[in-house]
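Peer 1: First the structure, then my questions, so here it is.
The values are calculated or read from the model by the stated rules, or taken from the named source; none is laboratory data. What you see is a predicted model, and the numbers here were worked out from it, not measured in a lab. Counting neighbours? That spans all protein chains shown, and the Cβs are built from the backbone with ideal geometry, glycine included. Surface areas here come from the heavy atoms of the whole protein model, side chains and all, with no ligands, DNA or RNA. Shrake-Rupley method; radii C 1.70, N 1.55, O 1.52, S 1.80 Å.
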Amino acid sequence: DQQVKQNSPSLSVQEGRISILNCDYTNSMFDYFLWYKKYPAEGPTFLISISSIKDKNEDGRFTVFLNKSAKHLSLHIVPSQPGDSAVYFCAASFYSGGSNYKLTFGKGTLLTVNP
Amino acid sequence: DAMVIQNPRYQVTQFGKPVTLSCSQTLNHNVMYWYQQKSSQAPKLLFHYYDKDFNNEADTPDNFQSRRPNTSFCFLDIRSPGLGDAAMYLCATSREGTGLFTDTQYFGPGTRLTVL
């Protein structure tokens, strides 16, 4: 049972345009959400996060939006650059006591930014 | 640069032959994690250590074990690899759990395991 879903396996955009990557979740206990970027032959690297008490967080060209009522978040990249081409993973977490901070990942979306 | 290092990057083993994957970190983080990622799937947490405390996920097979001899190193042991265990194994670390928020996890490059 997938608790974090990235329904688009791939997305292709033109350089300079906006990239929008979507993520849906089912567990209402999730209270922290993260986006990771992964290049081939490398491990995922943290990109941006958002707490459930916010609905938007911005860092340079990257903005994450959270719609709790819809259990939906999205990552916007503006403007998109060829170096942004990578797999983007959405992840969600909640604190369940002790040392349990488990991240639940989606399957990822391959973003290709064409020059 | 501080980092998470995984060795080897590629590991080939035979069906049923024990294998050990290694992870080391220079970040001095309290928490270390092991994930399994199969092709086109989400990374799946196998277990994690908070300092020396081991936390196993309920659905992690007994075939998978882990050791953390010190803060810097963590090992993943697969006692009898099956064909279904072929995957990318990712090690990650995080500073500590405060309960206030989820600390960012820093990932190594992964070890690609092939089982013949």
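Peer 1: List the trypsin sites (Lys or Arg not before Pro) in region A:1-65 that DSSP assigns to loop (not H, G, I, E or B) and whose Cβ has at most 14 other Cβ atoms within 10 Å. Which are they?
Peer 2: Here the sparse-neighbourhood loop sites are A:17, A:54, A:61.
Peer 1: Taking a probe of 1.4 Å, how large is the accessible area per residue of chain A, in Å²?
Peer 2: Solvent-accessible surface per residue comes out at 48 Å².
Peer 1: Could I ask something else about it? May I ask for the accessible area buried between chains A and B, both sides summed, probe 1.4 Å, to the nearest 100 Å²?
Peer 2: Counting both chains, the buried surface is close to 1800 Å².
Peer 1: Starting at 0 and stepping by 5 Å, how many percent of the alpha carbon pairs of chain A end up in each bin?
Peer 2: Per 5 Å bin, starting at zero, the Cα-Cα P(r) for chain A comes out as 2, 12, 23, 25, 20, 11, 5, 2, 1, 0 percent.
Peer 1: With r as the distance between the Cβ atoms of residue A:2 and residue A:78 and R0 = 30 Å, compute the FRET efficiency 1/(1 + (r/R0)^6) and round to 0.05.
Peer 2: 0.60
Peer 1: While we're here: By per-residue mean of other Cβ atoms within 10 Å, what is the highest-first order of B:82-95, B:3-16?
Peer 2: My ranking of the peptides, most packed first, is B:82-95, B:3-16.
Peer 1: What nm distance separates the two modelled labels at residue A:110 and residue A:11, each placed 7 Å from Cα along Cα→Cβ?
Peer 2: 1.6 nm
Peer 1: To continue, here is another question. Mark the label point 7 Å from the Cα of residue A:51 along Cα→Cβ and return the residues of region A:76-94 whose backbone N is within less than 20 Å of it.
Peer 2: Residues A:91-94 qualify, since their backbone N sits under 20 Å from the label point.
Peer 1: Using 1/(1 + (r/R0)^6) with R0 = 41 angstrom and r between the beta carbons of residue B:70 and residue A:59, what's the FRET efficiency to the nearest 0.05?
Peer 2: Computed FRET efficiency for residue B:70 and residue A:59 comes out at 0.75.
Peer 1: Between Rg and the Kirkwood Rh of region B:4-109, both from Cα atoms, what is the Rg to Rh ratio?
Peer 2: Result for region B:4-109 is an Rg/Rh of 0.95.
Peer 1: In addition: Starting at the first residue of region B:9-18, write each ³J(HN,Hα) from the Karplus equation 6.51 cos²θ - 1.76 cosθ + 1.60 with θ = phi - 60°, in whole Hz, x for Gly and Pro.
Peer 2: Along region B:9-18, the couplings run 7, 10, 9, 10, 9, 9, 3, x, 8, x Hz.
Peer 1: Any idea of the accessible area per residue across chain B, 1.4 Å probe, to the nearest Å²?
Peer 2: Per residue, chain B has 49 Å² of solvent-accessible surface.
Peer 1: For the protein assembly as shown, what is the convex hull volume of the alpha-carbon atoms per residue, in Å³?
Peer 2: With only Cα atoms used, the protein assembly as shown gives 126 Å³ per residue.
Peer 1: Okay, moving on. Can you work out ³J(HN,Hα) from phi for every residue in region B:105-111, in order, using Karplus 6.51 cos²θ - 1.76 cosθ + 1.60 and θ = phi - 60°, giving whole Hz and x for Gly and Pro?
Peer 2: Taking θ as phi minus 60°, the curve returns 9, 10, 9, x, x, x, 10 Hz for region B:105-111.
Peer 1: Here is a follow-up. Heads up, I need the accessible area for residue A:15: 1.4 angstrom probe, whole protein in place, Å², nearest 10.
Peer 2: Ignoring ligands and nucleic acids, residue A:15 comes out at about 90 Å².
Peer 1: Using each residue's phi in region B:53-65, evaluate 6.51 cos²θ - 1.76 cosθ + 1.60 at θ = phi - 60° and report the 3J(HN,Hα) Karplus result to the nearest Hz, with x for Gly and Pro.
Peer 2: Per residue, the Karplus-derived 3J(HN,Hα) values read 7, 8, 10, 8, 6, 4, 9, 7, x, 4, 4, 9, 10 Hz.
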